[in-house]
Amino acid sequence: MSTTLYQQIQQFYDASSGLWEQIWGEHMHHGYYGPNGTYKVDRRQAQIDLIEELLRWAGVESAENILDVGCGIGGSSLYLAEKFDARATGITLSPVQAARATTRAQEANLGAQSQFLVADAQATPFADNSFDLVWSLESGEHMPDKAKFLQECYRVLKPGGKLIMVTWCHRPTDVVPLSVDEQKHLQEIYQVYCLPYVISLPEYEAIARQLSLQHLRTADWSTAVAPFWDVVIDSAITPQAIWGLLSSGWTTIQGALALGLMRRGYERGLIRFGLLCGNK
Ligand code: SAH
């Protein structure tokens, strides 16, 4: 991984995670608003609903040893550890996030069954066949080598174990290639959110096929999650959020100013919310 991207991601999350937690809570991912995006639910509940809907979609009813790839401050890791009475390991590039996740685990009495490490998802310190659930919620978009990322998820998965990967994508390009304007729009998103690039869901599926994942399935949930950005934009305009933004520095401010980029990305069908699951 290129050092500069690695450092940018680290600094972005080191600087912005405290504010995000204060304003929006421990889950740093989209919410779920029903198949057509019409459910009127509280934002935080929508984020928990997303986790539950993903488990249902992927057919996960139990887990013993979970890896949360790109774990943020451990929102999913701890939720899943508690729900399944499982062990959870989370990895992130941000030392601030890893430390905060560790504290949150202790506060929730989950310290003994969870651990949080700073590690690169493309080269993790874990042995082959370690986990029965590998969960990656909105971190794939940050990975410079999508194939290496998925290979690594596959390597650490136990035979029979399940991978759930959910990530920002751009629309499929097999029929109509991306226009210059769409490419420019994507570049702006990449810049503010520290993404090297995103790919389409069919491209992820092609990579996953090479790994011989069994029962491979994909789905596009863009419509179900797009309303999230309206809610986040509304709540970013409170005095508390604005003050927090001013105190946490320029990259965080840029991230906030760019919320509209994501909203417009969904509106024009350019940004897509892609799901992939399969068994080893
Ligand atoms: N899944 C979490 C956080 C999503 S934010 C949640 O839903 O709350 C994206 C996360 O991906 C951050 O924690 C960031 O540190 C992590 N990340 C990005 N690139 C990574 C990499 N190469 N290796 C490990 N983690 C990475």
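Failed condition for Asp181, given (1) open to solvent by 50 Å² or more (accessible area, probe 1.4 Å); (2) under 16 Å from Gly269 (Cα atoms); (3) touching a residue at least 24 places away in the same chain (Cβ under 8 Å), with all others met? For Asp181, the exception is condition (3).
The residues of the stretch 159-176 that are open to solvent by 10 Å² or more (accessible area, probe 1.4 Å) and touching a Gly at 6+ places or on another chain (Cβ under 6 Å) amount to a single one, Arg171. The sole residue among Glu53, Glu61 that is open to solvent by 40 Å² or more (accessible area, probe 1.4 Å) and in a loop (DSSP other than H, G, I, E, B) is Glu61.
Selection within the stretch 121-142: residues that are within 21 Å of Pro196 (Cα to Cα) and out of contact with any strand residue (DSSP E or B) (no Cβ under 8 Å at 6 or more places or on another chain). The member of this set that is surrounded by the most Cβ atoms within 10 Å (Cβ to Cβ) is His142.
Filtered by the rule that a residue be within 16 Å of the ligand (Cβ to nearest atom), acidic (Asp, Glu) and part of a loop (DSSP other than H, G, I, E, B), the stretch 129-185 gives Glu138, Asp145.
Among the listed residues Thr4, Thr103, Thr38, identify the single one that is more than 15 Å from the ligand (Cβ to nearest atom), part of a helix (DSSP H, G or I), surrounded by fewer than 20 Cβ atoms within 10 Å (Cβ to Cβ) and not acidic (Asp, Glu).
Working: Thr4 fails: more than 15 Å from the ligand (Cβ to nearest atom); Thr38 fails: part of a helix (DSSP H, G or I).
One residue alone meets the criteria, Thr103.
For the stretch 80-94, the candidate set comprises residues that are open to solvent by less than 60 Å² (accessible area, probe 1.4 Å) and part of a helix (DSSP H, G or I); within that set, the residue that is farthest from the ligand (Cβ to nearest atom) is Phe84.
Picking from residues in the stretch 49-79 that are more than 12 Å from the ligand (Cβ to nearest atom) and of a type in the set (D, E, K, R), the one that is farthest from Tyr39 (Cα to Cα) is Glu64. Just one of the listed residues (Asp220, Asp230) is over 30 Å from Cys153 (Cα atoms), of a type in the set (D, E, K, R), touching a helix residue (DSSP H, G or I) at 6+ places or on another chain (Cβ under 9 Å) and in contact (Cβ under 8 Å) with a residue 12 or more places away in the chain, and it is Asp230. When the test is whether a residue is outside any helix (DSSP H, G or I), open to solvent by 60 Å² or more (accessible area, probe 1.4 Å) and not acidic (Asp, Glu), Val198 does not pass it. Looking at Thr238, Thr252, just one residue is open to solvent by less than 50 Å² (accessible area, probe 1.4 Å) and modelled with pLDDT under 75, and that residue is Thr252.
The values are calculated or read from the model by the stated rules, or taken from the named source; none is laboratory data. Please read these numbers as outputs of a predicted model, since none were measured by experiment. Please note: Cβ atoms are built from the backbone with ideal geometry, for glycine as well, and neighbour counts cover all protein chains shown. These area figures cover heavy atoms from the full protein model, side chains too; ligands, DNA and RNA do not enter into them. Shrake-Rupley method; radii C 1.70, N 1.55, O 1.52, S 1.80 Å.
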